[in-house]
1. Using the structure shown, decide if residue 246 is open to solvent by 30 Å² or more (accessible area, probe 1.4 Å), in a helix (DSSP H, G or I) and touching a helix residue (DSSP H, G or I) at 6+ places or on another chain (Cβ under 8 Å).
2. From the list 34, 27, 5, pick out the single residue that is farther than 29 Å from residue 164 by Cβ and of a type outside the set (S, T, N, Q).
3. Identify, from the list 54, 23, 38, 64, the residue that is open to solvent by 50 Å² or more (accessible area, probe 1.4 Å), of a type in the set (A, V, I, L, M, F, W, C) and within 23 Å of the chain's Cα centre (by Cα).
4. Residue by residue through the range 595-637, note down the ones that are among the acidic types (Asp, Glu) and either under 20 Å from residue 494 (Cα atoms) or in a loop (DSSP other than H, G, I, E, B) (or both).
5. Take the residues in the range 305-324 that are in contact with a helix residue (DSSP H, G or I) (Cβ under 8 Å, 6 or more places away or on another chain) and exposed (fewer than 13 other Cβ atoms within 10 Å of the Cβ); name whichever of them is nearest to residue 391 (Cα to Cα).
6. Is it the case that the range 527-541 has a residue that's modelled with pLDDT of 85 or more, of a type in the set (Lys, Arg) and open to solvent by 20 Å² or more (accessible area, probe 1.4 Å)?
7. Name the residue that is least open to solvent (accessible area, probe 1.4 Å), counting only residues in the range 542-576 that are out of contact with any strand residue (DSSP E or B) (no Cβ under 7 Å at 6 or more places or on another chain) and of a type in the set (D, E, K, R).
8. For the range 499-508, state whether one or more residues are over 18 Å from residue 637 (Cα atoms) and of a type outside the set (D, E, K, R).
Amino acid sequence: MGSTLRCTILLLTPALAGLRLRLPIWLLVLVSLLPWALIDWLSSLGLPGGRERLGLGWLALEALLALALLLGRPGRWRPRLLEADWRQAALACLAPALLVGVTLAWRGVIVEYPGDSFSYFHKNLSDLQLLPGRSSPWAYDSARNWSYGLASLLLELPQRLSLERASLLAGLNSGLLVLVSTQLVRQLGGPGPLCWLAALLLLLGLGNQEFSFLHQFALNGSLLAMALVLAAATPLLQLLRRERWPGLNAVAAPLLALPLLGFFAWRAHPIAAFFVLNLLITSVAAAWLRWRPRALGPLALAVAAAGLLLLQSRPPHPELAGVLSWPEPWRIVHEQRLFGLQLLQFRPQMPNSDWELSLLAACGLGLTALLLAWRRRLQLDGARLVLALLPLLVLAEWLLPLVNNLVFRLIAPDVAYRLAWTSLFWIGTPLLLQSLAESGQPCLRRATTPFLTGLLALLAVPIHLGERSNVLHAKLPHLITPLAEKREVDGSRIEPLLPRLRQLCERHPELRGQGLLADPMVATTLFRQQCTWPVASLDYGLLDISLAEHGHYPGLAAALDDPAALRAWLAGRRVGLVVLRERYPAYASTIGLLSGHWSATLVSDYARLALNRLDRRRLEQAGFTLAAEEHGFRVYRRL
């Protein structure tokens, strides 16, 4: 069963079931994703069959179901396709999801050394992440989350790892998130244009100031985790739209289903924990504000007290101490003392994170809507109350010291900017704008269009302030960057060398486990794809040429002109292969310049490393011979 057929079955079967049986989109997304989470969980329990066999069995069942749906009473398809509800759902939800997914899959994913997506492409989808063995069924394991298992089974990764297959994965993940987001907008009363607006805000706003999430990071499990949480939350948010309190029995099922399904989402990416937590807090708050039910108050207080005690019993995140030691210009967590109590405060600041315009806009809209509802000038149903409260809760998690103390028991401070995603700004912004425009207040109705136009312009058009990244750096340029500009630094120029290295490994088994001497980018690209071990590879603390030289290759420059010293240096690191470039591209990284994560000209600067002064004469004196000269590289092997 080829990868194309597997992907077709995964997508086509739920679509056919939804169309034929009139199932809602949120349920179809659950049916599409939840089995893979369950397969992963069952395999972690040690059940016979393993993840791959269980996955293939599920695909076979889906294929049989698809055939039954297609062949059973085919005359019923025509009236179903002509129904107005189906056509409206296709235009409002399916069309933007297909547009985003197909476009990203066709255009290709951006991977750039040493950007984070490089790690996702070459590390998280490598053999390292799919090692056999049983993981804990009750803990998140980044090396074995079910999104990688799904990618492995559907696209045969990492066995057939390529940029094209990674792009298909990015398109699949992104399209599913857009689909479940647009359906939620529609379920909560938004017309078709608002669904398209939600998709646009998702593309322009999700990520952080330098990285476009849907393009740069779409290879990991966070998009699938978010899609699963949104699908699980849809019944609860629909229930909150009712005029009267439906009773605790009616609320209990969707309220309990959210954390249960959120557990499986969390096993795809840990950000799902905050999605679930924030949705539960705001849903209970919205239900109490709207209906004042007697049964909900004591139950909510009991659960909140238990949750606070559980959080307080956890130690701080292990990375907190390191972040607190950063130099002041980079400091994102500040510590104060009050009566001997440690108070922490997260303040977004470059180069690790910055204020997100999409979150700030959602906070402004949410606060405006809540004030107007309090003054009885605006009617908000429970679901829109949730969307108004979510960004304010996230802002509290970012800024309030006592809240930070709890938040940093669950999440690393340097990735706390990801909490902004849990505000659902791409869904809340269109629906709250609709509520304000329909409020009957003339000034609000006139202000919605300029507000939206300005927000989209600021998200799309970058405004640069000197050499430092500005707080309004737009993601649109990153989304439309020609991929040809990135090919020199995405590893695709290096990977053609792999067959030769694997051939050398087969011919010379003594090379296995020996050192590979190359520049850090070359070594990282080749890492774990052949039999040698890199002397130097990606290190986020050595992303400057002077640091790279002294950190990766201490003593090499001084040993170059002394054959005995060079031989000793190479022997001390058990170097078996040396891979040298013929030339280095002239390249400046826009993301590196804007973010400050690494030197913008780092890849070009690697030409100045001492190892590039190694030549055939020096290496032959040190006991190496030229084994290959191809694809712009020279490969030397120890005799």
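The values are calculated or read from the model by the stated rules, or taken from the named source; none is laboratory data. Note that this is a predicted model, so its numbers are computed, not measured. Heads up, the Cβs are rebuilt from the backbone with ideal geometry, glycines too, and the neighbour counts pull from every protein chain shown. These accessible areas exclude ligands, DNA and RNA; they are computed on the full protein's heavy atoms, side chains included. Shrake-Rupley method; radii C 1.70, N 1.55, O 1.52, S 1.80 Å.
1. Details: open to solvent by 30 Å² or more (accessible area, probe 1.4 Å): yes; in a helix (DSSP H, G or I): no; touching a helix residue (DSSP H, G or I) at 6+ places or on another chain (Cβ under 8 Å): yes.
For residue 246, the condition - open to solvent by 30 Å² or more (accessible area, probe 1.4 Å), in a helix (DSSP H, G or I) and touching a helix residue (DSSP H, G or I) at 6+ places or on another chain (Cβ under 8 Å) - is not met.
2. Details: 34 fails: farther than 29 Å from residue 164 by Cβ; 5 fails: farther than 29 Å from residue 164 by Cβ.
Going through 34, 27, 5 in turn, just one is farther than 29 Å from residue 164 by Cβ and of a type outside the set (S, T, N, Q): 27.
3. Every option except 38 fails the conditions.
4. First, pick out the residues of the range 595-637 that are among the acidic types (Asp, Glu): 605, 615, 620, 629-630.
Within the range 595-637, 605, 615, 629, 630 qualify.
5. The extreme case among them is 308.
6. no
7. Ranking the qualifying residues of the range 542-576, first place goes to 549.
8. The answer is no, given that none of the residues of the range 499-508 is over 18 Å from residue 637 (Cα atoms) and of a type outside the set (D, E, K, R).
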